[in-house]
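Below is one structure, written out as structure tokens; the observations come after it.
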Amino acid sequence: MWKRMVTPILAVCLCCSLFVGPAFAADTESSKGVGISFEQTADNVFFDFQVDTATYDRVYYNTSVRDGETLVKVVFHSEENPSDQKFVRLHLAQAILPADTSASTTEEGAKLTFSKATPGQRWTNVVNFASDEALQGTIPVNVAGNMVDITASEFEDLSNAIAKSLDRIEGVQYTSADVDLIAQQFGDAFDKSTPYCVAPSFCVCKLPFVFDGTKCVSGDLWKNFQSKVVSQSAVQVQVEEGKPLRTLGDQELLELEDETFNVIFDTYQKRAAKQQMWPYMLYAQSLKRSNVLVVGGGMTQFEPLVMVNSGVNVTVVDSNLNNLKLLNRIADSSQINKNLLHLVYVPNLEGLDELKTEYDVILALDSLTKAPTELLEDVYFVLLSKLRLGGRWIQLAPSKSRYMSEGSPSYKDFAQIYNRHLGVPEETVWYEWLDIPKLMKILAPTKSRFQIIFDGELGSNPVQFPDNFQLIDLLYLGRTQ
């Protein structure tokens with residue numbers, strides 16, 4: 001139930017609490033009108049909300065607890081202009097006692113005080129995620145034999161909003177039971193569309209929805225295996241002197257004559273060596289005589305071929321046959337020992353599962369970042385089943401800091417930034433950051449244990465997108481019973 005604070009927002013300080021905690025604000029553009037700060041004690045969490053009190057004269061709030069996290073929704077309302085609302089949804093890291101909440105207005109806005117469900121403990125994280133994008137929806141309903149469309153938002157008192165919508169429809173008769181039923185439908189829909197935020201900035205959604213960095217969206221775009229494991233082959237070349245660089249995709253590269261192809265790849269390789277995305281030469285030496293499974297064979301990440309030349313036994317799997325053809329062409333022109341290079345086409349998850357087990361290393365170079373986390377659990381599970389006890393899991397992915405430096409956009413928008421800076425075709429429609437805590441949450445269902453060998457951000461200084469990545473290197477210690 002939405003609650004209204006007893007007094008309107010006044011230009012008088014009714015509750016002045018000094019702010020001693022870190023500042024926190026939602027990342028989206030329209031959230032600039034609401035400032036949020038918080039502090040905590042062993043038993044309580046305090047939030048201060050700052051708004052333009054000359055514009056918003058009423059404030060409402062709602063709290064709910066689900067699966068250990070707490071949702072706090074706050075709405076600032078203008079009586080003079082009811083269509084002008086400021087909405088904020090906070091995903092608190094742990095549970096509070098909704099019934100034991102106090103609220104007051106302040107000179108700058110409002111203050112909420114929550115009692116922790118488990119008192120005496122200091123929360124490592126207070127807020128996992130914040131959003132000012134209120135969920136909205138339209139539901140067609142049958143009321144007394146009449147089909148009508150009802151529209152509502154999550155920040156509204158649903159029963160009141162539904163009743164007002166029905167009152168505007170001439171000739172429709174309804175009962176309180178009708179309103180309750182429709183409100184339940186909206187409540188269920190909003191619950192399914194609200195992300196669960198299990199760690200700072202790391203949220204997931206109930207399938208078939210996926211979290212896009214800002215909200216839950218449809219996951220229909222990633223139904224097949226080819227869309228889940230993505231490794232690109234795209235090279236920028238100077239076709240004419242003085243002209244802009246041109247990007248060649250996998251099919252165009254395959255169609256080039258040998259001489260042209262060799263010149264282009266040689267130039268690309270030299271440029272990549274000057275701006276390394278990860279220390280592949282170090283791994284080429286340290287993994288000598290190891291069996292390495294490389295996930296994704298896009299030419300953008302050609303470094304596993306360097307490993308082959310250093311005596312590493314490399315198996316490359318990819319659902320894009322062109323990527324494998326390009327690697328084979330590079331191997332032929334570079335006199336690579338093809339006895340140590342195995343190219344395997346895997347069109348589906350079953351093909352991946354048919355690979356031999358007991359690899360020494362699983363190497364995923366930015367190939368598990370272009371599909372929603374929620375849809376990759378089965379891929380991670382199968383890959384991990386191919387890793388021997390004591391083996392290494394090495395993964396390259398966009399860093400969280402790189403993502404946040406771009407303003408924490410949706411993963412679709414982050415992909416567009418990636419495409420634009422890298423000069424690749426608009427093929428990447430999703431780009432998701434990764435760090436150790438997030439990876440451990442993804443791998444949690446496998447009940448696997450790891451020791452961290454290396455975890456760090458690599459790239460140029462000063463930062464030059466997109467060459468700043470998180471390199472994760474883990475030692476596999478097996479699974480708990």
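The values are calculated or read from the model by the stated rules, or taken from the named source; none is laboratory data. What you see is a predicted model, and the numbers here were worked out from it, not measured in a lab. Heads up, the Cβs are rebuilt from the backbone with ideal geometry, glycines too, and the neighbour counts pull from every protein chain shown.
Computed quantities for the displayed model
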read-out: Tabulated pairs, region 73-100, first of a type in the set (D, E), second at pLDDT 90 or above, C-beta under 6 angstrom, 6+ apart or interchain; value: D100/S115
read-out: Qualifying residue in region 196-209 (condition: out of contact with any Gly (no Cβ under 9 Å at 6 or more places or on another chain), without any contact (Cβ under 8 Å) to a residue 60 or more places away in the chain and assigned to a loop (DSSP other than H, G, I, E, B)); value: yes
read-out: Any chance V308 is crowded, with 21+ Cβ neighbours inside 10 Å and closer than 27 Å to E259 by Cα; value: yes
read-out: Pair list, Cβ < 8 Å and 6+ apart or interchain, from region 135-151 residues that are farther than 13 Å from Q185 by Cβ to residues that are among the acidic types (D, E) and surrounded by 12 or more Cβ atoms within 10 Å (Cβ to Cβ); value: L135/E154; Q136/E154; A144/D178
read-out: Positions within region 443-467 being modelled with pLDDT of 90 or more and touching a Ser or Thr at 6+ places or on another chain (Cβ under 6 Å), in sequence order; value: K447
read-out: Flag for L181 being farther than 30 Å from V379 by Cα, of a type in the set (A, V, I, L, M, F, W, C), in the same structural domain as L365 (by TED's automatic domain parsing) and surrounded by fewer than 19 Cβ atoms within 10 Å (Cβ to Cβ); value: no
read-out: Some residue of region 139-153 being touching a Phe, Trp or Tyr at 6+ places or on another chain (Cβ under 7 Å) and under 22 Å from L92 (Cβ atoms); value: no
read-out: Inter-residue pairs, beta-carbon under 6 Å, first under 14 Å from L158 (Cβ atoms) and in region 169-183, second surrounded by 13 or more Cβ atoms within 10 Å (Cβ to Cβ) and among the hydroxyl-bearing types (S, T, Y), 6+ apart; value: V179/S159; A183/S159
read-out: Residues satisfying the stated conditions in region 356-367, i.e. among the small types (G, A, S) and not in a strand (DSSP E or B); value: S367
read-out: Selection within region 339-355 - assigned to a helix (DSSP H, G or I) and within 34 Å of the chain's Cα centre (by Cα); value: L349, E350, G351, L352, D353
read-out: Total residues in region 413-432, condition modelled with pLDDT of 90 or more, in a loop (DSSP other than H, G, I, E, B) and either out of contact with any Ser or Thr (no Cβ under 9 Å at 6 or more places or on another chain) or within 17 Å of N468 (Cβ to Cβ) (or both); value: 2
read-out: Verdict on L376 being of a type in the set (A, V, I, L, M) and more than 19 Å from V314 (Cα to Cα); value: yes
read-out: Where L293 falls short, out of the listed (1) surrounded by fewer than 22 Cβ atoms within 10 Å (Cβ to Cβ); (2) at pLDDT 90 or above; (3) of a type outside the set (V, I, T); (4) under 23 Å from D250 (Cα atoms); value: (1)
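Table: residues versus (1) closer than 29 Å to G478 by Cα; (2) in contact (Cβ under 8 Å) with a residue 24 or more places away in the chain; (3) within 29 Å of the chain's Cα centre (by Cα).
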site: T260; (1), (2), (3): no, no, no
site: M281; (1), (2), (3): yes, yes, no
site: A284; (1), (2), (3): yes, yes, no
site: L293; (1), (2), (3): yes, yes, yes
site: P304; (1), (2), (3): yes, yes, yes
site: N313; (1), (2), (3): yes, yes, no
site: L324; (1), (2), (3): no, yes, yes
site: N337; (1), (2), (3): no, yes, no
site: T357; (1), (2), (3): yes, yes, no
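Yes/no per residue for (1) buried (at least 21 other Cβ atoms within 10 Å of the Cβ); (2) over 19 Å from C216 (Cα atoms):
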position	(1), (2)
D43	no, yes
V51	no, yes
T70	yes, no
E80	no, yes
V88	yes, no
Q94	no, yes
T101	no, yes
K116	yes, yes
R122	no, yes
